[in-house]
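One structure is given below, encoded as C-alpha cells.
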C-alpha cells in the first residue's frame, strides 16, 4: 500500500512538472526556423516565400495564442541538401526553434525530414513539391502543392478538349519525374497516346534538340516541366523559334512554368500556353484581392506568385494550429491540430488531408494572355478539391 501511494505521488509530481514545463514553454516566444534559398540561382524562391510570410504577419500581427513569433532565417544557397541539413541542425540545437518551415526545394526538404522525426519538431513545407515528401516524416505538413495535382488536372483537361496525343519533356529530377509519371498515367488511362518522352538535364540552356524531336513526332500537345525561371524562358523561346505553335502543337504543363515572377522574362513567347495550377494573382476572390493589395503595399513593383502564397498560407496554418492548441507547438499536438484544418486562402478553399498531411485545393486551368498590357494567367476552368493523386 505504501509503495502504491509513493508511486502515485511520484506520478502526480511528474505530471505537475510536465504541465508546468509545458505552460512555461507556451509563455515564451515561439521560434520558427526558416530554411530558404536566399542566395544563388534560386534566391527569388526564398524571397517570395519570405515576402508571403511577412505579408501575413503584417495583416495578422506577430503574436498568436499569447506567444510572440520570432523568425530565424537560414540560407541553404539553392539545391544543397548538405547545407540545408546543417542549417536545420543549427536551428534545432543552437537556436532551439519550435517549428521548422520554408523548404523551397525538394532535395533540401528530403535532407531535413529525418531531423524533424528525430527531434519531434513540426516541419511546414511551403513549396517543395515532390509527392513523397510528407511520407519522409510524420511531423511534416505541406501547404503548397504536389506536381501530381497539376499534372493530373492538365491531363484531364487536355483529353476533355480533344487532345489525343502528347510528347512529354521534363527536367531530370524529382519534381520532373512526378510530373511525367502522373501526366502519363492519367492521360493514357483516359485513352490518350504518348508519342515520345525525354528527361532533360536540370541546367539545360538550349531546348532546341529536344523540341525538334517533339516537332518530328507531330503530337497534339507538348507536356513540359522544367525549373521555373531561366530554363522556362529558354524553352518558351525555343518553342516559338522552331514553330511548334504554327504546327498546331499546344504547349501544356503545370502552372509554375508561367508563374507571375517569370512573366516579364517570358514575354510574348509564352502567350497561349495552357497550364493547370492552384494560384494566379488574377484569381477573382475577395481574399486574393486583399492579399495582392497588401503584398503590393509591402513590396512595391513586385507581383506575388505561388511561392508567396505558400509562405502566406504556411503562416496561416501555423497561426490556426497554435490557436487550436492554445500555443502548444509540440509535434503531437501541432500535427493533430493541422489534420483536417480548413481555411479560405487567396488561392480559394483549401484543407489539409488528415491521412497524408498534404494540401487539398482547386486546380485551375489557365491560359497565358495579355490583359491591358500585362501578362496574366487567366483561369477558365476548375477542378475542385484535388487531393494528391501521387498517393
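Which residues in region 346-386 place their backbone N less than 16 Å from a point set 7 Å from the Cα of residue 293 along the Cα-to-Cβ direction? So the set is 346. Rg then Dmax, both in Å and based on the Cα atoms of region 133-273: 14.8, 49.
Could you calculate the FRET efficiency of residue 271 with residue 89 from 1/(1 + (r/R0)^6), where r is the beta carbon distance between them and R0 is 41 Å, rounded to 0.05? Spell out each step's value before the answer.
On the way: r = 46 Å, r/R0 = 1.12.
For residue 271 and residue 89, the calculated efficiency is 0.35.
Specify the angular offset, from 0 to 90 degrees and rounded to the nearest 10, of the alpha carbon long axis of helix 2-27 from the longest principal axis of the alpha carbons in the chain. Roughly 50 degrees between the two axes.
Centroid-to-centroid, using Cα positions, region 343-370 and region 203-237 are 27 Å apart. Within the listed set 121, 77, 258, the residue fluctuating most in the Gaussian network model of the chain (springs between alpha-carbon atoms under 10 angstrom) is 77.
Footprinting exposure proxy ranking of 230, 351, fewest other C-beta atoms within 10 angstrom first, gives 230, 351. Rounded to the nearest whole angstrom, the semi-axes of the ellipsoid equivalent to region 139-222, taken from the Cα gyration tensor as √(5λ), stand at 22, 19, 9, largest first.
Of the beta bridges in the chain, as assigned by DSSP with both residues counted there, near 40 percent are antiparallel. Between helix 230-241 and the chain there is an angle of about 20 degrees, using the helix long axis and the longest principal axis of the Cα atoms.
Compared with the dominant Cα axis of the chain, that is its longest principal axis, helix 208-217 is turned about 60°.
Would you calculate a helix-derived [θ] at 222 nm for the chain, using -39,500 (n - 2.57) for each DSSP H run of n ≥ 4 and dividing by the full residue count, to the nearest 500? Don't jump to the answer; show the numbers that get you there.
Working: 12 runs with 169 residues, N = 391.
It lands at -14000 deg cm²/dmol.
Convex hull volume of the Cα atoms of the chain, normalised per residue: 139 Å³.
Readers should treat all values here as calculations from the given coordinates under stated rules, not as data from a laboratory. Source: prediction; values computed, not measured. Virtual Cβ from ideal backbone geometry, glycine too; neighbours counted across all protein chains shown.
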